[in-house]
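Here the structure is laid out as structure tokens; the discussion comes afterwards.
The values are calculated or read from the model by the stated rules, or taken from the named source; none is laboratory data. Nothing here was measured: the structure is a model prediction, and the numbers come from that model. Using ideal geometry, Cβ is built from the backbone for each residue, glycine included, and neighbour counts are taken over all protein chains shown. Accessible surface is based on the protein model in full, side chains and every heavy atom, while ligands, DNA and RNA are left aside. Shrake-Rupley method; radii C 1.70, N 1.55, O 1.52, S 1.80 Å.
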Amino acid sequence: RYKSPNVEKLFGWKPEELEGTDGWATVHPEDRARIQREFAALLQTDDAVRTVEYRYRRKDGAYRWIELTARNLARDPLIQGVLVNYQDITERRQAEQDYTQLFQSMPVGFALHEILVDAAGNPQDYRFLKVNPAFEQITGLTAAELIGRTVRQALPGTEPEWIARYGRVALSGAPDRFEAHSRALDKHFEVSAYCPGPGHFAVAFQDITERKRAEAEKTRLQDQLLQAQKLESVGRLAGG
């Protein structure tokens, strides 16, 4: 079995130190059975390719996440074995984990969507791809009833203005920040929308309904006070 010199850089073991050793012993116990199944399936199909991720124990005892791509070369008369490439993806996995934790714990609602257009390229609808727990709490809608569905299916009363506005973000790439009222949910929202990729848009939002109601009530009381002051002035003039 040939092992390139990069094995030492990646795993800390010299290639000759691994000769004759049990390769499964360095795989994390929680990943071992899964990887063994993957290899068993690989060996049953000629010229098959599989890519898997698992934790590998380095010589210093530390575990690192590895992306392994294996190809069955049983048909090759010179090799007749398995060609394996390794890549250390520990930093990528950590970043994904950090993102997931942030996504799950962030206090503002967050959602990722795909914009849907007609033959002329005009936005007609959008599909829910991902929502966080705060989204569910703020809107009262669950991921189970939204993911994969369009907003017209999930919220038939959605105003066309929302679709048009999000369509401009998804198609132009220009971010937008605004406040608006949703009749479908009967709530006021402060929304930040941006384009993470072609044909997609993401939104981060918070419910400002109570603030809007307080502002409306303040305006109403101010109007009443102004009207009362006008009536008082008229009364004084009449009395004079």
*Return a yes/no flag: does the stretch 105-127 have any residue that is at pLDDT 90 or above, open to solvent by less than 30 Å² (accessible area, probe 1.4 Å) and assigned to a loop (DSSP other than H, G, I, E, B).*
no
_If I filter the stretch 147-172 down to residues being open to solvent by less than 50 Å² (accessible area, probe 1.4 Å) and without any contact (Cβ under 8 Å) to a residue 24 or more places away in the chain, which single residue comes out as farthest from the chain's Cα centre (by Cα)?_
TRP162
_Which pairs turn up if I take residues in the stretch 34-47 that are part of a helix (DSSP H, G or I) and look for partners that are small (Gly, Ala, Ser) with beta carbon separation below 6 Å, at least 6 apart in sequence or on another chain?_
LEU42/ALA48; LEU42/ALA70
*Which residue pairs have Cβ atoms under 6 Å apart, sit 6 or more places apart or on different chains, and have a first residue in the stretch 177-203 that is open to solvent by 70 Å² or more (accessible area, probe 1.4 Å) and a second that is assigned to a loop (DSSP other than H, G, I, E, B)?*
ARG183/GLY157; TYR194/PRO175
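Of all residues in the stretch 8-45 being among the aromatic types (Phe, Trp, Tyr) and open to solvent by less than 70 Å² (accessible area, probe 1.4 Å), which is farthest from ARG58 (Cα to Cα)?
Among those that are among the aromatic types (Phe, Trp, Tyr) and open to solvent by less than 70 Å² (accessible area, probe 1.4 Å), it is PHE39.
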_Options GLU67, GLU53, GLU17: the member that is of a type in the set (Asp, Glu), over 30 Å from GLN137 (Cβ atoms), assigned to a helix (DSSP H, G or I) and free of Cβ contacts under 8 Å to residues at least 60 places away in the same chain_ = GLU17
_Given (1) within 30 Å of GLY157 (Cα to Cα); (2) open to solvent by 60 Å² or more (accessible area, probe 1.4 Å), number of the condition GLN101 does not satisfy_ = (1)
*asked:* Looking at the stretch 93-106, I want the residues that are within 21 Å of VAL52 (Cα to Cα) and have a partner that is outside any helix (DSSP H, G or I) and open to solvent by less than 100 Å² (accessible area, probe 1.4 Å) with Cβ atoms under 8 Å, at least 6 apart or on another chain. Which pairs are those?
replied: ARG93/GLU53; ARG93/TRP65
